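A short worksheet on the structure shown next.
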Amino acid sequence: MKKLLLSLFTILTPLLSFAQEPSTSEKIDATFRDYTGWFVQGIFYEIPFSEEFKIPWVLIVLIGGAVYFTIYFKLINFTGFGTAIKVVRGKYEDIEKHGVDTLYGDVTENEGENIIETIRDDSADGEVSHFQALTAALSATVGLGNIAGVAVALSIGGPGATFWMILAGLLGMASKFAECTLGVKYRDVGPDGTVYGGPMYYLTKGLREKGAGMLGKILAILFAIFVIGGSFGGGNMFQANQAAAQFIKLFEIENANGGMYFGIVMAILVAVVIIGGIKRIAKVTEKVVPFMAGIYVLAALIILGANFTLIDDAFSLIFTGAFSGLGIAGGLIGVMIQGIRRGAFSNEAGVGSAAIAHSAVRTKYPASEGIVALLEPFVDTVVICTMTALVIIITNFDGGFMEYGTPINEGVEITAVAFDSVIPHFSIILTVAVILFAFSTMISWSYYGMQGWKYLFGRGRVTDLVYKVLFLFFVVVGASISLGAVIDFSDAMIFAMVVPNIIGVVLLTPVVRKELNRYMNAIRKKAEAIDDGAEDLRKHM
């Protein structure tokens, strides 16, 4: 593998140097736009409800699905939150690995003597823990959208956009619960224990059970194509490009090939992780995600603490702006659209990508991972995006560096100015965070794309190798040249995933409800057994 990568980079270096010439890069970009522009425009087409405001149809599908799931599962976004925390902490790890009937069911005296041996020898299918699956999925969503995207949303929609962003995050929790439950329910497990899961499998197997096998197969193939395209662009090239730009700016690198060299180093680091599969990806993300998110949230808390007297003023602006839309293009509807767009696009609830990572968890109860997954939009949007918004709003009171209602393009710079105003030179740490966010996003999206690739082209070492080499190639390309049309096309493919995924999840909601009831009954049965004097067998795990 190392020799192959070395040979690949040796061949690509002169090609990328040539491609970095402005005229060459622009020609490639223009040609690609000519052939793919129709697809991008179709996915992001905005339905005109009046002359003043338009709503992207894909946003309607995302939020419509989230509202439906919230109602259908009786506010699982709120009622399941406490259970989700307990599951991540491992309170029900014993029954998830071995089944509640095996450990806490009615057993004879002799059978009871063998329970401890069962715990040691037997376990559920899966490759990672609940926490690892959660961080792997979070690493793909927590990133530039939380740092730059929030600033852009505030510049267009004003402080009121924050309210609608939070609402989109809360609603998205129900979508994540439903799709990730299905991801575990219909996953495939190979002879070696490797897990293959995600929308491709629950669309194929789940809809076949419903008598719609052909529809399921078509939707699964479409999803697989879209997730591969998304993994090369928005989950790879865009991340590499932004990370390289921030790195070059921080160290004031003037070498024309600086981006390419950065891309090669980044590709090598990504290669080291993705060659090990989901287990190694999970081991990296469970350390990187809490670390970088922790630093970012800590800095935000320091700023909010230093300006605690202004927090109530900030929330007053948020609520006033959310329902008035004064001074903002499109008024109330304009503010609402900006907030919901940022929230929905940030946490990717309903897109189906996270179901791929969550499907690798070790459990006998699919709903257990669905419940864990609902924490993802909460952390990504309700916590991190909201903190970014509060920091920008509060520091902008005195700084005046942003005029609400005036669109900006460079969101990272605005966020950096906000943090720097209270914590000098924090922009350096922010740059490092952007690079780490980009790195973690790339390794998670490599896994997503790989699962789609395997679904279409089969499972095997050669198949895996081809995809990984292509993925690493696009890391270098993304860091070396700016191909706006390519990134736009890839973003469109990511949100095109919404269509087959939402169709499948809506049709399979009865299955999700059945699994939820089964898991809650298992939790209840364990609690009753312990109340009756049974030993909590987690300590033997």
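Looking only at the stretch 248-268, count every residue that is open to solvent by 80 Å² or more (accessible area, probe 1.4 Å) and under 21 Å from residue 427 (Cα atoms) and tell me the total.
Qualifying residue count for the region: 4.
Okay, residues lined up against (1) over 30 Å from residue 63 (Cβ atoms); (2) of a type in the set (Phe, Trp, Tyr):
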residue: 384; (1), (2): no, no
residue: 389; (1), (2): no, no
residue: 416; (1), (2): yes, no
residue: 426; (1), (2): yes, yes
residue: 438; (1), (2): no, no
residue: 450; (1), (2): no, no
residue: 465; (1), (2): yes, no
residue: 468; (1), (2): yes, no
residue: 472; (1), (2): yes, no
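Across the stretch 517-535, what is the number of residues that are of a type in the set (Asp, Glu) and in a helix (DSSP H, G or I)?
2
Quick one: which of 216, 198 is within 21 Å of residue 141 (Cβ to Cβ) and surrounded by 21 or more Cβ atoms within 10 Å (Cβ to Cβ)?
198
Residues in the stretch 192-231 that are part of a helix (DSSP H, G or I), farther than 29 Å from residue 383 by Cα and touching a Ser or Thr at 6+ places or on another chain (Cβ under 7 Å): how many?
Going through the stretch 192-231 one residue at a time, the tally reaches 4.
This table checks each residue for (1) small (Gly, Ala, Ser); (2) at pLDDT 85 or above.
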position: 329; (1), (2): yes, no
position: 342; (1), (2): no, no
position: 345; (1), (2): no, no
position: 358; (1), (2): no, yes
position: 384; (1), (2): no, yes
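With the checklist (1) assigned to a helix (DSSP H, G or I); (2) at pLDDT 85 or above in hand, flag the one item residue 74 doesn't pass.
It is condition (1) that residue 74 fails.
Yes or no: the stretch 454-471 includes at least one residue that is closer than 27 Å to residue 132 by Cα, open to solvent by less than 10 Å² (accessible area, probe 1.4 Å), touching a Phe, Trp or Tyr at 6+ places or on another chain (Cβ under 9 Å) and not aliphatic (A, V, I, L, M).
yes
Residue-wise test of (1) of a type outside the set (Ser, Thr, Tyr); (2) under 23 Å from the mean Cα position of the chain (by Cα); (3) closer than 24 Å to residue 180 by Cα.
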| position | (1), (2), (3) |
| --- | --- |
| 473 | yes, yes, no |
| 515 | yes, no, yes |
| 518 | yes, no, yes |
| 527 | yes, no, no |
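Run down 320, 309, 285 and say which single residue is in contact (Cβ under 8 Å) with a residue 40 or more places away in the chain and out of contact with any helix residue (DSSP H, G or I) (no Cβ under 7 Å at 6 or more places or on another chain).
320
Do we have any residue at all in the stretch 499-516 that's at pLDDT 90 or above and farther than 18 Å from residue 186 by Cβ?
yes
From the list 447, 467, which residue is within 15 Å of the chain's Cα centre (by Cα), farther than 19 Å from residue 411 by Cβ and at pLDDT 85 or above?
Going through 447, 467 in turn, just one is within 15 Å of the chain's Cα centre (by Cα), farther than 19 Å from residue 411 by Cβ and at pLDDT 85 or above: 447.
Looking at the structure I just gave you, is residue 80 under 22 Å from the mean Cα position of the chain (by Cα) and either open to solvent by 60 Å² or more (accessible area, probe 1.4 Å) or of a type in the set (Gly, Ala, Ser) (or both)?
It is true that residue 80 is under 22 Å from the mean Cα position of the chain (by Cα) and either open to solvent by 60 Å² or more (accessible area, probe 1.4 Å) or of a type in the set (Gly, Ala, Ser) (or both).
For the stretch 89-125, name all the residues that are open to solvent by 40 Å² or more (accessible area, probe 1.4 Å), at pLDDT 60 or above and not in a loop (DSSP other than H, G, I, E, B).
Of everything in the stretch 89-125, those that are open to solvent by 40 Å² or more (accessible area, probe 1.4 Å), at pLDDT 60 or above and not in a loop (DSSP other than H, G, I, E, B) turn out to be 93, 97, 101, 102.
Hey, can you tell me all the residues within the stretch 292-319 that are open to solvent by 40 Å² or more (accessible area, probe 1.4 Å), touching a Phe, Trp or Tyr at 6+ places or on another chain (Cβ under 8 Å) and farther than 26 Å from residue 335 by Cα?
Of everything in the stretch 292-319, nothing turns out to be open to solvent by 40 Å² or more (accessible area, probe 1.4 Å), touching a Phe, Trp or Tyr at 6+ places or on another chain (Cβ under 8 Å) and farther than 26 Å from residue 335 by Cα.
Restricting to the stretch 32-68, name every residue that is touching a Leu at 6+ places or on another chain (Cβ under 8 Å), under 30 Å from residue 510 (Cα atoms) and buried (at least 16 other Cβ atoms within 10 Å of the Cβ).
Residues satisfying the conditions are 63, 66.
Return the residues of the stretch 53-71 that are in a helix (DSSP H, G or I), more than 20 Å from residue 378 (Cβ to Cβ) and not hydrophobic (A, V, I, L, M, F, W, C); say none if nothing qualifies.
The one that is in a helix (DSSP H, G or I), more than 20 Å from residue 378 (Cβ to Cβ) and not hydrophobic (A, V, I, L, M, F, W, C): 64.
In this structure, is residue 245 within 20 Å of residue 146 (Cα to Cα) and open to solvent by 20 Å² or more (accessible area, probe 1.4 Å)?
Yes; evaluated as a whole, the condition is true for this residue.
Looking only at the stretch 434-444, which residues are in contact with a Phe, Trp or Tyr (Cβ under 9 Å, 6 or more places away or on another chain) and open to solvent by 10 Å² or more (accessible area, probe 1.4 Å)?
Within the stretch 434-444, 435, 436 meet the criteria.
Using the structure shown, decide if residue 285 is farther than 22 Å from residue 448 by Cα and of a type in the set (S, T, N, Q).
no
The values are calculated or read from the model by the stated rules, or taken from the named source; none is laboratory data. Note that the structure is a prediction, hence the values are computed from the model and not measured. So basically every Cβ, Gly included, is an ideal-geometry build from the backbone, and we count neighbours across all protein chains shown. Heads up: the accessible areas ignore ligands, DNA and RNA and are worked out on the full protein's heavy atoms, side chains in. Shrake-Rupley method; radii C 1.70, N 1.55, O 1.52, S 1.80 Å.
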